[in-house]
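Only one structure is covered here, and it is reproduced in the block below.
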């Protein structure tokens, strides 16, 4: 352990999440020395602004990790699967935002507000960042769990187009542009599908529509996104038998995932008690006054860091259950911010004697 500022590498620096990461780093406390920007060969040579300085993007190669202490990966699964172990073998702690290692028993799945202690439990030298849908709710649920002990979650997610990457954003914008000029669209079954040029990553038109599907098909009709909510929540909370049922829906929102959660606990919990607890929880903001029309929406939450919670109600039928509505920016806390927070926990190992 040494008292120095560690070297950080950002792999995927020119992508959608990488761009958000650079913005986040410019606004947080500076815990880094050198910052290296890494991307595919076609992006090499670009110059990006980092903390007021111009930094040249380097092509991804084994040698770029020499002397790096922490490497953050904001790249597709297959890239992380190949290159995160290479970074770890070169001496870096790899903090990965993809799905490549989330359920690997030798890779901790970390949300610093919930289980920061797991950062040091990294036998492969890799730490994984949860899926953005899970992240949009688990900070709040984790805070409630510490006091009341969660035992079951029934979740409906309303996921933004940006969860499908830049292609999802572009397709939604194109569909909205085409559909917005024709006020008759939506009146007749099938007319929206005929009006848009392409569906992109979505199985049905997203403009003026909701699509009850996100992810890829898995066993028994479940989607990969729905299974991620279950499996990742279990791992983060350390509850292997936690009952979780999720339905993931894509909605015509650019950025910010929303979720409705029915949570059942070991102990009785009132709405007022939950509201007070969440109001003091790290990484959570409560906006909950329906009489004044105050509750979180994606329009309000986009570009912010916390998980926002509203519509907090005790179940009508069970004093141990709550119903909540949550929103979280899926490109910030749902991806870049949580990765940065994990990396900052690791950075303390280099700066604290």
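Scanning the stretch 200-223 for residues that are closer than 18 Å to residue 155 by Cβ and either part of a strand (DSSP E or B) or within 15 Å of the chain's Cα centre (by Cα) (or both) gives 211, 214, 215, 223. Within the stretch 48-61, being free of Cβ contacts under 8 Å to residues at least 24 places away in the same chain and under 23 Å from residue 29 (Cα atoms) holds for 53, 54, 55, 56. Set side by side, the residues 269, 286 differ, and just one is modelled with pLDDT of 95 or more and closer than 30 Å to residue 103 by Cβ, which is 269. Please work out which residue is modelled with the lowest pLDDT, limiting yourself to the stretch 14-53 and to residues that are within 18 Å of residue 78 (Cβ to Cβ) and part of a loop (DSSP other than H, G, I, E, B). Filtering the stretch 14-53 for residues that are within 18 Å of residue 78 (Cβ to Cβ) and part of a loop (DSSP other than H, G, I, E, B), the one modelled with the lowest pLDDT comes out as 15.
For (1) in a helix (DSSP H, G or I); (2) modelled with pLDDT of 95 or more; (3) not assigned by TED's automatic domain parsing to the domain that holds residue 241, each residue gets a yes or a no:
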site	(1), (2), (3)
138	yes, yes, no
143	yes, yes, no
152	no, yes, no
158	no, yes, no
163	yes, no, no
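For the stretch 174-194, the tally of residues that are within 26 Å of residue 256 (Cα to Cα), free of Cβ contacts under 8 Å to residues at least 12 places away in the same chain and surrounded by 12 or more Cβ atoms within 10 Å (Cβ to Cβ) stands at 0. Checking 253, 210, 269, 249 one by one, the residue that is over 17 Å from residue 131 (Cα atoms) and surrounded by fewer than 18 Cβ atoms within 10 Å (Cβ to Cβ) is 210 and no other. Scanning the stretch 255-305 for residues that are out of contact with any helix residue (DSSP H, G or I) (no Cβ under 9 Å at 6 or more places or on another chain), assigned to a strand (DSSP E or B) and more than 30 Å from residue 179 (Cβ to Cβ) gives 262, 264, 289, 294.
I'd like the full set of residues that are part of a loop (DSSP other than H, G, I, E, B) and under 17 Å from the mean Cα position of the chain (by Cα), limited to the stretch 224-254.
So in the stretch 224-254, the residues part of a loop (DSSP other than H, G, I, E, B) come out as 238-242, 251-254.
Matches in the stretch 224-254: 251, 253, 254.
Take the stretch 272-284 and flag every residue that is within 27 Å of residue 336 (Cβ to Cβ) and either in the same structural domain as residue 23 (by TED's automatic domain parsing) or buried (at least 19 other Cβ atoms within 10 Å of the Cβ) (or both). Once the filter is applied, which keeps residues that are within 27 Å of residue 336 (Cβ to Cβ) and either in the same structural domain as residue 23 (by TED's automatic domain parsing) or buried (at least 19 other Cβ atoms within 10 Å of the Cβ) (or both), the stretch 272-284 yields 278, 281, 283, 284. Going by what's in this entry, would residue 322 be described as in a strand (DSSP E or B), over 18 Å from the mean Cα position of the chain (by Cα), modelled with pLDDT of 95 or more and surrounded by 22 or more Cβ atoms within 10 Å (Cβ to Cβ)? Here the answer is yes, as residue 322 does meet what is asked.
Among the candidates 106, 197, 170, single out the residue that is surrounded by fewer than 20 Cβ atoms within 10 Å (Cβ to Cβ), over 15 Å from the mean Cα position of the chain (by Cα), free of Cβ contacts under 8 Å to residues at least 60 places away in the same chain and part of a helix (DSSP H, G or I).
Just one listed residue meets the conditions, 170.
The values are calculated or read from the model by the stated rules, or taken from the named source; none is laboratory data. Computed from a prediction, not measured in an experiment: that's the story for all the values here. Please note: Cβ atoms are built from the backbone with ideal geometry, for glycine as well, and neighbour counts cover all protein chains shown.
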